[in-house]
Amino acid sequence: MRQFAGRTVVVTGAGSGIGQALALRFADAGARLALADLDGAGLEQTVRQTRNLGAEVSARVIDVTDRSGVFGWAADVAQRFGAVHVVINNAGVSFTGEIERTEFADLERVMDVNFWGVVNGTKAFLPHLIASGDGHLVNVSSVFGLAAFPGQGAYCAAKFAVRGFTEALRMELRAQDQPVQVTCVCPGGVKTALVRNSSAAADIDVDVLAAAFDRDPGVSAHSAAATIFAGVRAGRSRVLIGRDAWLIDLTQRVFGAGYQRVLGPVGTRLMDRIRVPS
Ligand SMILES: NC(=O)c1ccc[n+]([C@@H]2O[C@H](COP(=O)([O-])OP(=O)(O)OC[C@H]3O[C@@H](n4cnc5c(N)ncnc54)[C@H](O)[C@@H]3O)[C@@H](O)[C@H]2O)c1
């Protein structure tokens, strides 16, 4: 898909960060937008900004873990716009904590939003993407969906799952000659509110973690959105964002499972820095 003018583009997590920047990027390209977020105030801000660019926009406050809500929203979007061309399952949360100190409720919450939220969005919109005759599904994983990192067990589990789910679907749709492209996005550090809004195990100082993340030389949300936009236009199966993502991807390819000996000590040092002093 090379042109987006008049196409319907769906974005979850559109009230902040990468999702908001994606909405603006596609609005700028003339797309019609169906946006969702759990955060009504952030969503309203995105709606205002995209309407200022002249976009036709519909918005819904939705929790992506609410399966029937997501299915109802997909049906409403298809009915309102007539066709659905691009769906970007972007909503996500972060969590930091060593597995031994992570409660089941936290593991389940991260899986619910970051994995099941993507599954709900994919299953709800896939029939509409197929029906459009020219669809594109974009699921946002992470560089932590390519390589694991100490303190990110819950997040890695969800993001690895998103990548596996997405890549299997791409192969299935291609084998069935379905008119839907599939892209898995793996960002490295992107300067958004993700970590500042994150939850963490009881022994983690979230302020110190957020300050460390803010100091990290990540790319801007607008730059991330531009990279995703270009990847969708080019029909790429995988989109890496940022030099750190390329480096971690390379480390994983070069060392195989031995990448853990390279990344492990880096993550362990970071965990030591962000732990609440006992
Ligand atoms: N920022 C990074 O460094 C980075 C790196 C890799 C991957 N990612 C992924 O990129 C995606 C976007 O994150 P971001 O950095 O823009 O963060 P962000 O916090 O700025 O935006 C995430 C948005 O998702 C929404 N959201 C959270 N839970 C939701 C739910 N249950 N239902 C609906 N909406 C919900 C939030 O309200 C927020 O508006 C996430 O999937 C994240 O895991 C981010």
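Quick notes
- Extension reserve of the Leu250-Asp207 stretch, reckoned as 0.36 nm per residue once the Cα distance is removed: 12.4 nm
- Convex hull volume per residue, computed on the Cα atoms of the chain, equals 121 Å³.
- Summarising the strand pairing of the chain, around 5 percent of its internal DSSP beta bridges are antiparallel.
- The residues neighbouring Gly117, those whose beta-carbon lies less than 15 Å from its own, together hold a net charge of 0 under the Lys/Arg +1, Asp/Glu -1 convention.
- Overall, region 8-274 carries a charge dipole of about 820 debye about its Cα centre when +1 sits on the Cβ of Lys and Arg and -1 on the Cβ of Asp and Glu, all other atoms neutral.
- Between region 159-217 and region 80-100, the alpha-carbon center distance in angstrom: 8
- Helix-derived mean residue ellipticity, 222 nm - over the chain, DSSP H n ≥ 4, -39500 (n - 2.57), to 500: -16000 deg cm²/dmol
- For the chain, averaging the sequence separation of C-alpha pairs within contact (under 8 Å, six or more residues apart) and dividing by the residue count gives a relative contact order of 19 percent.
- Each of Phe125, Phe104, Phe81, Phe165 was scored by other Cβ atoms within 10 Å of its Cβ. Arranged with the fewest first, they read Phe104, Phe165, Phe81, Phe125.
- Note on Glu167 and Arg196: their simple-model spin labels are 3.4 nm apart, each label 7 Å out from Cα toward Cβ.
- Other residues lying with their Cβ under 15 Å from the Cβ of Gln181 contribute a combined charge of +3, Lys and Arg counting +1, Asp and Glu -1.
None of the figures in this text is laboratory data; all of them are computed from the coordinates on show. As the structure is a computational prediction, the values presented were derived from the model and not from experiment. So basically every Cβ, Gly included, is an ideal-geometry build from the backbone, and we count neighbours across all protein chains shown.
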